[in-house]
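Student: This is the structure I want to talk about, given as structure tokens.
Just so it is clear, none of the values below were taken in a lab; they were calculated from the coordinates. As the structure is a computational prediction, the values presented were derived from the model and not from experiment. For neighbour counting, all protein chains shown are included, and Cβ atoms are generated from backbone atoms with ideal geometry for every residue, glycine included.
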């Protein structure tokens with residue numbers, strides 16, 4: 001069955017891990033206290049803070065001061081916990097940084113042209129990242145190649161399910177209204193590829209310079225998209 005949709009991870013797949021780990025996360029950490037102090041009474045932010053309080057349980061979550069959750073959020077950041085309210089808050093902080101030009105996303109050099117080529121060829125492009133959908137759109141909207149958001153048709157984050165669960169990929173295929181076999185998933189995480197493969201998706205392991213994980217298991221590796229022909233799920237011979 002030919003591939004008609006591409007589902008792409010971000011970190012280590014289209015964008016260097018170093019940008020997320022060394023630029024985005026530290027920026028959000030530095031700005032968190034100030035952001036919550038200034039925006040803690042916004043209804044949407046207040047709802048996110050309440051979710052953090054409930055997760056923190058005994059970690060002093062009873063305080064009405066929205067900045068009281070900062071130590072707990074810093075702890076989650078240190079442990080790289082994929083906690084959806086934290087991802088949402090980080091995305092809101094990054095929005096300001098992208099907006100004032102402090103943040104520009106450095107996609108891998110081959111990525112912008114590959115995305116444009118696939119779009120021209122009629123493929124539907126989608127993102128699936130542990131970062132929130134707004135954070136994903138900020139990154140692609142403020143890349144070194146300009147605003148690439150119009151190239152994508154679908155955006156998915158952990159609200160649809162954990163990236164290590166087969167059911168998440170089944171839900172994504174259903175949301176895009178195509179069989180799982182029509183969706184090529186590319187990621188640098190073996191656990192994610194195993195889950196997508198179990199859901200029936202063809203997969204490729206993103207093996208980029210600087211990625212911390214290089215174990216592709218039994219899956220085919222790819223280090224550049226300049227020759228990738230998605231219809232067959234692999235690079236042409």
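Student: Can you give the convex hull volume of the alpha carbon atoms of the stretch 1-138 per residue, in Å³?
Tutor: 136
Student: Return 119, 5 ranked ascending by Cβ neighbour count within 10 Å, so the fewest neighbours appear first.
Tutor: Ranked by crowding around the Cβ, least crowded first: 119, 5.
Student: Next up: Helix 166-175 versus the longest principal axis of the chain: what is the Cα-based angle in degrees, 0 to 90, to the nearest 10?
Tutor: For helix 166-175, the angle is close to 80 degrees.
Student: Using the per-residue mean of other Cβ atoms lying within 10 Å as a proxy for protection, in what order, highest first, do the peptides 31-37, 141-147 fall?
Tutor: 31-37, 141-147
Student: Two decimals is fine: what is log10 I(q)/I(0) at q = 0.13, 0.14, 0.26 Å⁻¹ for the stretch 107-199, from a Debye sum with one equal scatterer on every Cα and no solvent?
Tutor: Calculated log10 I(q)/I(0) at the listed q: -0.44, -0.52, -1.45.
Student: For the chain, set up a GNM with springs between Cα atoms under 10 Å and report which of 226, 218, 124 has the largest fluctuation.
Tutor: Of 226, 218, 124, the Gaussian network model singles out 218 as fluctuating most.
Student: For the stretch 20-99, what ratio Rg/Rh do Cα atoms give with a Kirkwood hydrodynamic radius? Walk me through the intermediate numbers first.
Tutor: Working: Rg = 11.7 Å, Rh = 12.5 Å.
On the Cα set of the stretch 20-99, Rg over Rh gives 0.93.
Student: While we're looking at this one, here's another question. In what sequence do 84, 13 fall when counting other Cβ within 10 Å, fewest first?
Tutor: 84, 13
Student: Okay, next question. Pairwise over distinct Cα atoms, reciprocal of the mean inverse distance: report the Kirkwood radius of the chain in Å, one decimal place.
Tutor: It is 18.5 Å.
Student: Right, another one. Stretched out fully, how many nm does the piece from residue 116 to residue 34 gain, at 0.36 nm a residue minus the Cα gap?
Tutor: Length gained, residue 116 through residue 34: 25.7 nm.
Student: In percent, how large is the relative contact order of the stretch 20-99, given Cα pairs closer than 8 Å and 6 or more residues apart?
Tutor: 38
Student: Please arrange 222, 172 by counting, for each residue, the other beta carbons lying within 10 Å of its beta carbon, fewest first.
Tutor: The order, fewest Cβ neighbours first, is 222, 172.
Student: Any idea what Rg and Dmax come out to for the stretch 60-110 if you just take the C-alpha atoms, in Å?
Tutor: For the stretch 60-110, the Cα-based Rg and Dmax read 14.3, 49 Å.
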